[in-house]
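Everything on this sheet refers to the single structure shown next.
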Amino acid sequence: MQNAQLINGLRLATAMGRLGTESAFEVLARAKALEATGRKVIHLQIGEPDFDTPDNIVEAGVRALRDGYTHYGPAHGLPELREAIAANSLERRGIEHAPDQVLVTPGAKPVMFYVILALCQPGDEVIYPNPGFPIYESMIKFVGARPVPMPLLAKNNFRVDVDRFAADLTDRTRLVILNSPGNPTGGAFTGEDMAAMAELLADRDVIILADEIYKDIIYDQRFHSITQFGDLARKTVRLDGF
């Protein structure tokens, strides 16, 4: 039995003790502290550009504020934005989605949170990439499910070991998280990798969270989405962004 967490004498829910952190922000805080002492630091910890937001984007934001886009909008996102996202997916990736299948969120973490919270509970297993984005494992543990790491090794170019993946699939597997190209390795799954996993998942009662946020940062091979194989699109949540 886990002990309750205490902060300033206040008792928190037991689940809070299972919630991890994103270590990149801890490193950022230490880097900022070094900069404050006059040290020159090259930031490699946070995934953001080292330049300011381009002027045309800033002006578009200001114009939207002046045009009255300051009130509550549809919970799923503005219809015209969802239509544009669906059109972009088809045009650039050949992946077709209806606008009503698009959900707009402020960042990628809410998608991870919603999917894991909605699908997983104690007794369930979730296969996730390791090394990978730390929030995957953190959220799996938070809901009480069992994290099952998918080893991504340098000797295999950080690709999935399909035989190991097949062995890790059980009747308790509820969710499989894929991240290709991956954070932090940069490794990308090949079409053969995706096809093999799709075949293994086709007849299972398993949902897939395909984190494809880095789809445009790939140069020496073709990007492949699990949704392009078999009938996997019907049980896949694609996490994407711009």
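The values are calculated or read from the model by the stated rules, or taken from the named source; none is laboratory data. Bear in mind the structure is a predicted one, so any value in this text is a computation, not a measurement. Methodologically, a virtual Cβ is constructed for each residue, glycine included, from the backbone with ideal geometry; neighbour enumeration extends over all protein chains shown.
Per this entry, ARG234 is counted among residues that are closer than 30 Å to PRO106 by Cβ, part of a helix (DSSP H, G or I) and over 16 Å from the mean Cα position of the chain (by Cα). None of LEU44, LEU103, LEU28 is assigned to a loop (DSSP other than H, G, I, E, B) and within 23 Å of THR185 (Cα to Cα) except LEU44. For segment 187-220, which residues satisfy the criterion of being part of a loop (DSSP other than H, G, I, E, B), of a type in the set (Gly, Ala, Ser) and either more than 19 Å from the chain's Cα centre (by Cα) or not assigned by TED's automatic domain parsing to the domain that holds VAL115 (or both)? The one that is part of a loop (DSSP other than H, G, I, E, B), of a type in the set (Gly, Ala, Ser) and either more than 19 Å from the chain's Cα centre (by Cα) or not assigned by TED's automatic domain parsing to the domain that holds VAL115 (or both): ALA202. Search segment 94-141 for residues being acidic (Asp, Glu) and surrounded by 18 or more Cβ atoms within 10 Å (Cβ to Cβ), and hand back the single one that is farthest from the chain's Cα centre (by Cα). That would be GLU125. Filter segment 181-236 for residues that are of a type in the set (S, T, N, Q), without any contact (Cβ under 8 Å) to a residue 60 or more places away in the chain and over 20 Å from LEU153 (Cβ atoms) and give the result. THR236, the sole residue that qualifies.
Just one of the listed residues (ALA60, ALA75) is under 27 Å from ARG238 (Cβ atoms) and at pLDDT 95 or above, namely ALA60. For ALA60, indicate whether it is surrounded by 10 or more Cβ atoms within 10 Å (Cβ to Cβ) and more than 30 Å from PRO147 (Cα to Cα). So ALA60 passes the test. Within segment 147-196, the residues that satisfy the criterion of being among the polar types (S, T, N, Q), loosely packed, with under 14 Cβ neighbours inside 10 Å and under 17 Å from PRO131 (Cα atoms) are ASN156, ASN157. Return the pair list, or none, for Cβ contacts closer than 6 Å from residues in segment 14-31 that are within 20 Å of ASN183 (Cα to Cα) to residues that are among the aliphatic types (A, V, I, L, M), at least 6 apart or on different chains. The qualifying pairs are ALA24/ILE46; LEU28/ILE46. Residues considered: ILE140, ILE135. Of these, the only one that is at pLDDT 95 or above and either within 23 Å of MET16 (Cβ to Cβ) or in contact with a strand residue (DSSP E or B) (Cβ under 7 Å, 6 or more places away or on another chain) (or both) is ILE140.
Table: residues versus (1) assigned to a helix (DSSP H, G or I); (2) free of Cβ contacts under 8 Å to residues at least 40 places away in the same chain; (3) in the same structural domain as THR14 (by TED's automatic domain parsing).
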| residue | (1), (2), (3) |
| --- | --- |
| ALA84 | yes, yes, no |
| ALA87 | yes, yes, no |
| MET112 | yes, no, no |
| VAL126 | no, no, no |
| MET150 | no, yes, no |
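Applying the set (1) under 25 Å from the mean Cα position of the chain (by Cα); (2) small (Gly, Ala, Ser); (3) surrounded by 10 or more Cβ atoms within 10 Å (Cβ to Cβ) to ALA33 leaves exactly one unmet item: (1).
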